[in-house]
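S.K.: Let me begin by handing over the structure; questions about it come next.
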Amino acid sequence: MNQLKETIENSRKIVIKIGSNVLSDKNGAVNKKVMHNIVEQVNDLIGMGKQVILVSSGAGICGVGAINKWSRRGDINYKQALCAIGQVELMMAYKEYFADYGIHVAQILLTRDDFKDHHRTLNIRNAMFTLIDEGVVPVINENDSVSVDEIKIGDNDTLAALTANLWNADLLIVLSDIDGVFDKDPKANENAELIELVENAEQLERTIDIGEKSSFGTGGIATKIEAAAKVNKYGIPMLLLNGSKQDIIRAGLSGEGKGTLFLGEICK
Ligand code: GLU
């Protein structure tokens, strides 16, 4: 049996991380078609009896789309301002698309400190469990407008991994704009081959050329492999899929989709 298909099928509690690259078109504006398609697939998963938490980037790009300026400002206060504007747009889009299926969404904005403080993590867990028990889809992002460099988590791959561990998820799906992890940087090597199964994320990180960071996302492939190592340690598999491809989760479920499945030793 196809391991990727089997992993999605057997997972009840799924965290799905959606990267800025997936949500943005080539000009850096929000690609609503892609976003809508992801919401459709989340609705499919919920219809199958699964529970889903989204960790969504995109506040920055939505901010640029909404206000049409400051996209090249590097100063942290402008980045924070863009995220503060864009987070509203992002949630409005999720709210609208999920409403088509009668599903409510809830916004949870977190910072690194929230995961370090015992009381805060307990409160986040309680809120998350309540929302999910009541059939609401939590949409998590970093609280970018209060997170300056010193205190921020920095990338949503890590935030998604922390969320999956906190919720004790069965699976973390990371949707990025690449098909998975390759043995060489696929942008520079035509003969790069997709690695479909990884049993030791930490070892992989040491052995492959992870290439350049992409333009709109924060993390690049390195933070994805680190995220896999973080969740695998708790027995949670991670699946890296190309979220820019239409119906990629559905393809995984039908046995046709390809990606990289990080199935750490203790996830089996
Ligand atoms: N929190 C940032 C945003 O919503 C993105 C972080 C990331 O892409 O990893 O724009």
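The values are calculated or read from the model by the stated rules, or taken from the named source; none is laboratory data. These figures come from a predicted structure and were not determined experimentally. We place every Cβ from the backbone using ideal geometry, glycine too, and count neighbours over all the protein chains shown.
S.K.: So, of the residues in the range 50-107 that are part of a loop (DSSP other than H, G, I, E, B) and near the ligand (Cβ under 10 Å from one of its atoms), which turns out to be farthest from GLU134 (Cα to Cα)?
M.R.: In this case the residue turns out to be GLY58.
S.K.: Among the residues of the range 177-194, how many are over 20 Å from VAL22 (Cβ atoms) and not charged (D, E, K, R)?
M.R.: Of the residues in that region, 4 qualify.
S.K.: Pull up the range 178-207, narrow it to residues that are among the polar types (S, T, N, Q) and more than 22 Å from LYS233 (Cα to Cα), then point me to the one that is modelled with the lowest pLDDT.
M.R.: Residue satisfying both the conditions and the ranking: ASN189.
S.K.: When only residues in the range 13-31 that are away from the ligand (no atom under 16 Å from the Cβ) and under 17 Å from the mean Cα position of the chain (by Cα) count, which is surrounded by the most Cβ atoms within 10 Å (Cβ to Cβ)?
M.R.: Among those that are away from the ligand (no atom under 16 Å from the Cβ) and under 17 Å from the mean Cα position of the chain (by Cα), it is ILE14.
S.K.: Hey, could you check the range 150-163 for residues that are more than 14 Å from ILE108 (Cα to Cα) and part of a helix (DSSP H, G or I) and say which is nearest to the ligand (Cβ to nearest atom)?
M.R.: ASP157
S.K.: Follow-up. Output the residues belonging to the range 118-149 that are over 23 Å from ARG12 (Cβ atoms) and within 16 Å of the ligand (Cβ to nearest atom).
M.R.: Of everything in the range 118-149, those that are over 23 Å from ARG12 (Cβ atoms) and within 16 Å of the ligand (Cβ to nearest atom) turn out to be ASN141, GLU142, ASN143, ASP144, SER145, VAL146, SER147, VAL148, ASP149.
S.K.: Looking only at the range 164-181, count how many residues are buried (at least 21 other Cβ atoms within 10 Å of the Cβ) and either more than 13 Å from the ligand (Cβ to nearest atom) or of a type in the set (D, E, K, R) (or both).
M.R.: The number of residues fulfilling the criteria is 9.
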